[in-house]
Each structure stands twice: as structure tokens, then as C-alpha cells.
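Novice: Below: one structure in C-alpha cells.
The values are calculated or read from the model by the stated rules, or taken from the named source; none is laboratory data. Just so it is clear, the model here is predicted, and its values are computed rather than measured. Positions of Cβ are generated from backbone atoms using ideal geometry, with glycine treated the same way; all protein chains shown enter the neighbour counts. Keep in mind that these areas ignore ligands, DNA and RNA; they rest on the heavy atoms of the full protein, side chains included. Shrake-Rupley method; radii C 1.70, N 1.55, O 1.52, S 1.80 Å.
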Amino acid sequence: MASIMDEYRVEIVKSARRTVSLRIREDGSLLLRAPNRMTKKEMLAFLEEKRGWIVSHAEKLEQQRREREAQPKLTQAEIRALADRAKTVIPERVAHYAPLVGVSFGRITIRNQRSRWGSCSSTGNLNFNCLLLLTPPEVLDSVVVHELCHRKEMNHSSRFYAEVLRVYPEYRRWNAWLKEHGGAILARME
């Protein structure tokens, strides 16, 4: 059996960290972050131990890449129509969930972005991607709740996620849906 290093391009970054992390990049290469003390032999053993995970996730990423490429691109008129509809739908969902979270909010801006679904500024202004209207309504709600919860916690701590799950118990399910299918939706932008 060939070494994992022969099958995949592997970038190794050593630092003063305590743990090992492994990520598969969009291009299929691997990024291995390792403690300075870890030997090349130990890194290779770690990669071999993770072979099954690497293969299955690389195949999944490849499938997602093909799915993205197969998506028809949205025209400027379609994007404008989505944004116009989002200017009505998203503020309604924000108004619904803000009292449940127990927060106020500032301005709501609808954008057509290639990488982000939403954001919350420190002053309480909310930004949302109009492409959320191409997702199931539960996904839209999960992003709205996520951003509103940043009004309480401007981080992704365990307290933040506890608040998200208190308000929207199905958050993990729909966040996973967005991670799996969101790239194909974002790829529809010209």
C-alpha cells in the first residue's frame, strides 16, 4: 500500500501547539498542523491512522465540488429579485426571533456575498446574504438566530452555542445542512 504522503499533497506546519490538527483543503491537499516536538515518523503514523477519514472526506469534498460546478449561475435579475424578496422575508424572521433571544438590533442589510451567510456588528447591525432564500426556511432561521445571539456573545464560545440551542434546538441539524450544501448555492453567484 502506498504511503498517504504519496497519494496526497501534504503541507506540514509545526508550531508551539500541543495538539495535531488535520484539514483537507478545497484542492484536495492536506494541511497538517503539528507540535514542534512531533517527528516525521509520528506525523506519518497519524496520517495513516486517519486514512479512512481522509479518503471519505476527500470524496465528499470532490462530490461537493462537482455539485457546485453543476449549479446554474444566477443572472443579475435573479439576484436582484432574491435581494428584493429577502428585504421583506429576513426582517420578518429577525423580528420574530429577536424577542426570543432577548436582544435588540440595529440596521438590517441584505447583501449578495460569495462567502458569508450573515454577520453581526458590535453596534448590533445585521447583514444577511440574499442567497439564504435559496435554502430551506429552517436554514434561514438558524442563521438569523446565530447572528442575533451574537448580540449577547460576540464569539463562538460554549455560552454562545448554548444560547443558540436554547432558542433554536434544531440549529446543529440545519447548520450541518448549510455546511454540506451551502457551497453549491454560493457557487451560483457569477
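Novice: Let me know the charge dipole size of segment 57-190 about its Cα centre in debye, to the nearest 20, where only the beta-carbon of Lys, Arg (+1) and Asp, Glu (-1) is charged.
Specialist: For this selection, approximately 260 debye.
Novice: Per residue, how much accessible area does the chain show when a 1.4 Å probe rolls over the protein heavy atoms, in square angstrom?
Specialist: Ligands and nucleic acids excluded, the result is 58 Å² per residue.
Novice: Do any trypsin sites (Lys or Arg not before Pro) in segment 1-66 lie in a loop, going by DSSP, with at most 15 other beta-carbon atoms within 10 Å of their beta carbon, and if so which?
Specialist: Passing both the DSSP loop test and the Cβ count: Arg9, Arg17, Arg18, Arg25, Arg37.
Novice: For Lys14, list long-range residues whose amide hydrogen, built 1.01 Å from N in the peptide plane, is under 5 Å from its own amide hydrogen.
Specialist: For Lys14, the qualifying residues are Ala34.
Novice: Suppose the chain between Glu48 and Arg107 were pulled fully straight at 0.36 nm per residue; how much longer would it get relative to their current alpha carbon spacing?
Specialist: Full extension of this stretch gives 16.2 nm more.
Novice: Using +1 at the Cβ of each Lys and Arg and -1 at the Cβ of each Asp and Glu in the chain, identify which of Leu61, Ala184, Gly106 lies farthest towards the dipole's positive end.
Specialist: Gly106
Novice: Counting pairs of alpha carbon atoms under 8 Å apart in space and at least six apart in sequence, what relative contact order in percent does the chain give?
Specialist: 19
Novice: How big is the accessible area of Leu44 in square angstrom, nearest 10, if you roll a 1.4 angstrom probe over the protein chains?
Specialist: Number for this one is 70 Å².
Novice: Between Met5 and Arg114, what FRET efficiency follows from the Cβ-Cβ distance if R0 is 41 Å, with the result rounded to 0.05?
Specialist: According to the calculation, E is roughly 0.80.
Novice: Compute the angle between helix 76-101 and the longest alpha-carbon principal axis of the chain, please, reported from 0 to 90 degrees and rounded to the nearest 10.
Specialist: Compared with the principal axis, the helix lies near 80 degrees.
Novice: Of (i) 223; (ii) 187; (iii) 141, which one was derived for volume of the Cα convex hull per residue in Å³ from the structure shown?
Specialist: It is the value labelled (iii).
Novice: Quick check: residue separation of Asp84 and Val20 times 0.36 nm, minus the Cα distance between them. What number comes out in nm?
Specialist: Additional length available on full extension: 18.5 nm.
Novice: Going Cα to Cα from Lys87, which lysines come in below 26 Å? Please leave out same-chain ones fewer than 8 positions away.
Specialist: Excluding near neighbours in sequence, the set is Lys73, Lys152, Lys179.
Novice: Go ahead and estimate [θ] at 222 nm for the chain from helices alone: -39,500 (n - 2.57) per DSSP H run with n ≥ 4, summed, over the residue count, rounded to 500.
Specialist: Calculated at 222 nm, the ellipticity per residue is -17000 deg cm²/dmol.
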